[in-house]
Structure formats: C-alpha cells, structure tokens
Amino acid sequence: MTSKVLLRYSLPLIVSTGLFCVFGSASATVIFKADFETGDLSEWSKTGTRGQNATPRNVQVVTDIVQEGKYAAKFTIHEDDVFNAQQLRAQVGGPRVTVEEGSDTYMSFYMYMAEPPKDRDNFFYWEGTPPPKYDNVMTWWVEPNPGGGTLIKYGTGNLGRNGTEWEAAFTIGKWHQLAMHIHWSEDKDKGNTRLWFDGILVLDKKLKTKGPETVYFCQPGIHRSPHRPSVDTIYFDNFILADTLEEVVKVLAVGSK
C-alpha cells in the first residue's frame, strides 16, 4: 500500500465520545485496542456494549494458541447458549462508533480455528442501535464448504441476507487477519467496503453500508441463527479500531503465525 493511497483514505472517524481510552498521536489515533494481554476480559468492560453469555465456560483467555504476546481469547458456543428462540450467542461487547453519511471506520483483528466449523458461525457484525431500531447491516461468518474445507464470507443486510459480497477458503490451524475500511452510507452508490484478508486487499466494492441509525456496535464471538446443537470454537487476538487506515495497515505488516 503506497503512502498516496493511505493519505487518500485517511478520513476522520467520528466515534462515540467518552466510551474508550485513546492511544497514539493527534494525527493517527488507536481508539480501541484489545490484545488480551491483561490476562482477562477487562479491555471489553468500557465499550458501552453488553456481552452475551460471556461466561468462563464460553469465553476463556488462553496461552496455548496465541497470535502475538502471551494471551488470546477462546470462544466456544454450545446449544444451551440461548439468547432467544432464534439465536445462540457467546460474545463480548465490542466498541461502538458514531457514524454519519460519508464517515469512515477502520478495524482489524486476528482469528484462528483449530477444527473446522460444524455449522455456520457468525463471528463479527456491525449493528445499528435505536433510534429507530436495532439494525444488523453487515456480517462476517465461517461455514463448512460443501466441497470440503471451510469458507469465510462477508455479506450485507441482516446476517448477510442482502447478498454475499466476498468469500474465500479459510485454512484451519493458522492465524488469519481480517481488516476492514467501512465507508458509511445509506446510498448503495456512495457506501463502500474494503476488506483485507491476510494482508491482501480482497474486496473494494460500493455497497449500502448503513441504515438511518447513527450509532453502530460490534459483538465479536460466535452467533448463530437458528439454533444448532453442535459445539464450535474460534480464537481471537489483537483487535484494533483506529481513525486512519494507516494504523490498521501497521498491524497488517505483522506476519501471522
């Protein structure tokens, strides 16, 4: 990525005030960071978003499978991790961002699976908060590939129901990094999603990326709808939310283990 490209996309990210500790310089700021190096989930306690079934059975800080440093987080979902009649959840409460038409969000994190998923597992999404309503506008998930192996996918609309915009093979037993630049717009010709997978730009597409809501949140972990009886596990490490693409690209420069 050249410096000219970085400058082109280094637009302001408008973030909910008072929700996060701020790191870095005035020109490039890391708004939220969670690498689990505290040895617990305390980094997620001030995001303003509730976790769901984030019990010691479901969410553990571990040392055996780690992308960088001493710790990572292991998320496991079970058939009794009920949120409601349609959904199962084992999630932490992720950061919130305040967005307006034309604003930008930059985020990246690492994920790992020691075994292939048995069912579709939604592991990350952006969802709007009332007013006027809760509004899931985009989702990332992993699922079994009917031809063998595992797929990772991204789609827009509620749990991706407006269409799958990107998919790729997901290698089991390897850390993968997903990075995103979301340009927020209710207009499908003005909104845009750019995705990097393992440091490679894999999607750059104009899309409707928001609804009428102004505050959006994420809940990393495992979400299922409808219920499924199988048990799946995903590991996560090194979450970064920043106000410039440059801060996300710095993390991309760190090689996966």
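The values are calculated or read from the model by the stated rules, or taken from the named source; none is laboratory data. These numbers were taken from a predicted model, which means no experiment stands behind them. Using ideal geometry, Cβ is built from the backbone for each residue, glycine included, and neighbour counts are taken over all protein chains shown. With ligands, DNA and RNA removed, areas are computed over all heavy atoms of the protein, side chains included. Shrake-Rupley method; radii C 1.70, N 1.55, O 1.52, S 1.80 Å.
Test of understanding: among LYS153, LYS188, LYS210, which residue is over 23 Å from THR47 (Cα atoms), open to solvent by less than 60 Å² (accessible area, probe 1.4 Å) and at pLDDT 95 or above?
On the way: LYS188 fails: open to solvent by less than 60 Å² (accessible area, probe 1.4 Å); LYS210 fails: over 23 Å from THR47 (Cα atoms).
Selected residue: LYS153, the only one of LYS153, LYS188, LYS210 that is over 23 Å from THR47 (Cα atoms), open to solvent by less than 60 Å² (accessible area, probe 1.4 Å) and at pLDDT 95 or above.
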Exercise for review: Determine, yes or no, whether PHE236 is open to solvent by less than 10 Å² (accessible area, probe 1.4 Å) and of a type outside the set (Ser, Thr, Tyr).
Suggested key: yes
**Study point:** Of all residues in segment 70-89 being open to solvent by less than 50 Å² (accessible area, probe 1.4 Å) and small (Gly, Ala, Ser), the one that is farthest from GLU246 (Cα to Cα)
**Key:** ALA73
Revision key, fill the gap. Contact list, first residue from segment 162-174 and in contact (Cβ under 8 Å) with a residue 12 or more places away in the chain and within 13 Å of GLY149 (Cβ to Cβ), second anywhere and among the basic types (Lys, Arg) and in a strand (DSSP E or B), beta-carbon distance below 9 Å, six or more apart or interchain, is GLU167/LYS153; ALA168/LYS153
Revision key, fill the gap. Given the conditions (1) more than 22 Å from PRO229 (Cβ to Cβ); (2) open to solvent by 50 Å² or more (accessible area, probe 1.4 Å), every one holds for LEU178 apart from (2)
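Scanning for something at pLDDT 95 or above, buried (at least 17 other Cβ atoms within 10 Å of the Cβ) and more than 17 Å from LYS74 (Cα to Cα), does segment 10-29 turn up at least one residue? Before the answer, list the steps.
Pass one, segment 10-29, residues at pLDDT 95 or above: none.
No: segment 10-29 contains no residue that is at pLDDT 95 or above, buried (at least 17 other Cβ atoms within 10 Å of the Cβ) and more than 17 Å from LYS74 (Cα to Cα).
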Exercise for review: State which residue pairs qualify: first residue on the phi > 0 side of the Ramachandran plot and inside segment 219-230, second residue buried (at least 16 other Cβ atoms within 10 Å of the Cβ) and assigned to a loop (DSSP other than H, G, I, E, B) in any location, beta carbons under 7 Å apart, and separation of 6 or more residues or different chains.
Suggested key: GLY221/VAL92
Practice item. Output yes when any residue across segment 122-137 is open to solvent by 30 Å² or more (accessible area, probe 1.4 Å), of a type in the set (D, E, K, R) and more than 22 Å from LYS188 (Cβ to Cβ), and no when none is. Key: no
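Kindly provide the set of residues from segment 142-185 that are among the polar types (S, T, N, Q) and part of a strand (DSSP E or B), ordered by number. So that I can check it myself, show each step before the final result.
Residues of segment 142-185 that are among the polar types (S, T, N, Q), as a first pass: 145, 150, 156, 158, 162, 164, 171, 177, 185.
Once the filter is applied, which keeps residues that are among the polar types (S, T, N, Q) and part of a strand (DSSP E or B), segment 142-185 yields THR150, THR156, THR164, GLN177.
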Practice item. Exactly one condition in (1) within 24 Å of PHE32 (Cβ to Cβ); (2) in contact with an Asp or Glu (Cβ under 7 Å, 6 or more places away or on another chain) is not met by PRO130; state its number. Key: (2)
Exercise for review: Scan segment 90-110 residue by residue and report those that are assigned to a loop (DSSP other than H, G, I, E, B), open to solvent by 10 Å² or more (accessible area, probe 1.4 Å) and either closer than 19 Å to THR244 by Cβ or without any contact (Cβ under 8 Å) to a residue 24 or more places away in the chain (or both).
Suggested key: GLU100, GLY102
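Just for segment 59-68: of the residues that are part of a loop (DSSP other than H, G, I, E, B) and without any contact (Cβ under 8 Å) to a residue 60 or more places away in the chain, which one is surrounded by the fewest Cβ atoms within 10 Å (Cβ to Cβ)? Spell out the reasoning first.
Step one: of segment 59-68, the residues part of a loop (DSSP other than H, G, I, E, B) are 63-68.
Subsequent filtering for residues that are without any contact (Cβ under 8 Å) to a residue 60 or more places away in the chain retains 63-64.
Values: THR63: 11, ASP64: 8.
Filtering segment 59-68 for residues that are part of a loop (DSSP other than H, G, I, E, B) and without any contact (Cβ under 8 Å) to a residue 60 or more places away in the chain, the one surrounded by the fewest Cβ atoms within 10 Å (Cβ to Cβ) comes out as ASP64.
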